[in-house]
Amino acid sequence: MSKEKKHDLLGFGEAMIRFTAPDHARLEQASHLHIAIAAAELNVSVNVSRLGFKTAWVSKLVDIWSGQYIINKGREHGVDMSNVILLPFDGKGTVRNGLCYLEVGIGPRASKQMYDRAHSAISLIQPGDLDWKKLLSETRWFHTTGITTAISDNAAQEAITSLKIAKELGVTTSFDLNFRSTLWTSDRARKVMKEVMPYIDVIIGNEEDFEKMLGLKAEGGTEAYSDLDPENYKAVAKKVVETYPNVQVVGTTLRHVKTALLNDWQTVMLHKGKFYASRKYENLEILDRTGGGDSFASALISSMLEGRDPQEAIEFSAAYSALCHGFMGDWNWATRAEAERVMKGGSARVIR
């Protein structure tokens, strides 16, 4: 870990309060809801911190219970939240913190995630709100996502500005495409991504992301974007690097959905022209699948920060993200030691 920088990783994006119906219930059935946080970039900042690195997260929040809850929970996991901008609460909802509602599916019924994020504080971010030169000079790695660029034109421009400055300062950048059709159209996404992609070192995305956001289609996938063969992903990953030579790593998770609570799981990446695939975790039992992709990103970033061998990095990322499926909420409570044990083929027998 670096002694020269204040942080190993800085994340930038939106955070929402997540409400989950218990016991696979519909939201309309529930008499109470579990509370947590949904926040792609904060998920990564938390997980990378739990894996032993110094991390920070920046955003804008409204100074009400939900904003304080997000800040306090980030701090609990060692994330520096000191540069989050807090706006006063006006009592009218003119500016607010976003909310997310989740039903965890079972059997043939898929999980369902619904958002209530209009007028969120970060959507109204303005140039100069964050001192990017100072923030980015203090970190080794910068992470943001396509969700941030989709929230609003303001947020998209701020993401582009931050990525440009990161590259000027020699900071490694990662970007998880995370296409969300509820936030923007494919046409709009492609226009924005043309401005984003020249500043990305590590891109994370699945075949749908590449098609909808970059206009690059994988061969052999299904209309539902499932059951993509690793070799087909290898081909589309090479297209990404050919189109954007600055990209050093292209990675994703491959999920075969058998039931809502039983999936096959694998992770793959193209690393400096060579393709690596993890072992496949067949019949992975799931408590909550949200956060699996962010756990993959977290483990991959952590592995690159510490200079792991690429094959070891993809195996560790697979194990760590597989473990995330066993925890309720977006954040991964698995330890580094647990992930190492699973990566090396450790069994699930009781540890005494």
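The values are calculated or read from the model by the stated rules, or taken from the named source; none is laboratory data. Remember, predicted model here, so these are calculated numbers, not experimental data. As a convention, Cβ positions derive from the backbone with ideal geometry for all residues, glycine included, and neighbour counts pool all protein chains shown.
Considering every residue within segment 168-184, establish whether at least one is without any contact (Cβ under 8 Å) to a residue 60 or more places away in the chain, within 30 Å of residue 5 (Cα to Cα) and assigned to a helix (DSSP H, G or I). Looking through segment 168-184, at least one residue is without any contact (Cβ under 8 Å) to a residue 60 or more places away in the chain, within 30 Å of residue 5 (Cα to Cα) and assigned to a helix (DSSP H, G or I). Just to be sure before I move on: is residue 185 within 17 Å of the chain's Cα centre (by Cα) and β-branched (Val, Ile, Thr) in the structure I sent? No: the conditions fail for residue 185. Total residues in segment 21-53 satisfying the condition of being of a type in the set (Ser, Thr, Tyr) and part of a loop (DSSP other than H, G, I, E, B): the figure is 1. If you filter segment 262-287 down to residues that are surrounded by fewer than 20 Cβ atoms within 10 Å (Cβ to Cβ) and of a type in the set (A, V, I, L, M), you find that the one that is farthest from the chain's Cα centre (by Cα) is 262.
None of 74, 78 is modelled with pLDDT of 95 or more, at positive phi and not charged (D, E, K, R) except 78. Taking residue 304 as the residue in question, decide whether it is surrounded by 19 or more Cβ atoms within 10 Å (Cβ to Cβ), modelled with pLDDT of 95 or more and assigned to a helix (DSSP H, G or I). When the stated conditions are applied, residue 304 passes them. For residue 18, the criteria (1) in contact with a helix residue (DSSP H, G or I) (Cβ under 9 Å, 6 or more places away or on another chain); (2) part of a strand (DSSP E or B); (3) under 18 Å from residue 298 (Cβ atoms) hold in every case but one, which is (1).
Only a single item in (1) surrounded by fewer than 20 Cβ atoms within 10 Å (Cβ to Cβ); (2) closer than 24 Å to residue 301 by Cβ; (3) modelled with pLDDT of 90 or more is not met by residue 253, and it is number (1).
Tell me yes or no: at least one residue of segment 317-332 is over 18 Å from the mean Cα position of the chain (by Cα), touching a residue at least 40 places away in the same chain (Cβ under 8 Å) and surrounded by 23 or more Cβ atoms within 10 Å (Cβ to Cβ). Checking segment 317-332: not a single residue is over 18 Å from the mean Cα position of the chain (by Cα), touching a residue at least 40 places away in the same chain (Cβ under 8 Å) and surrounded by 23 or more Cβ atoms within 10 Å (Cβ to Cβ).
A count restricted to segment 50-79 and to residues that are without any contact (Cβ under 8 Å) to a residue 60 or more places away in the chain, among the small types (Gly, Ala, Ser) and surrounded by fewer than 24 Cβ atoms within 10 Å (Cβ to Cβ) stands at 3.
Residues in segment 94-131 that are assigned to a strand (DSSP E or B), surrounded by fewer than 20 Cβ atoms within 10 Å (Cβ to Cβ) and hydrophobic (A, V, I, L, M, F, W, C): 3 in all. Hey, residue 235 hits all of (1) assigned to a helix (DSSP H, G or I); (2) modelled with pLDDT of 95 or more; (3) surrounded by fewer than 24 Cβ atoms within 10 Å (Cβ to Cβ) but one; which does it fall short on? Result: residue 235 fails condition (2) only.
Screening the candidates 160, 147 for the property of being in a helix (DSSP H, G or I), among the hydrophobic types (A, V, I, L, M, F, W, C) and under 23 Å from residue 207 (Cβ atoms) yields one hit, 147.
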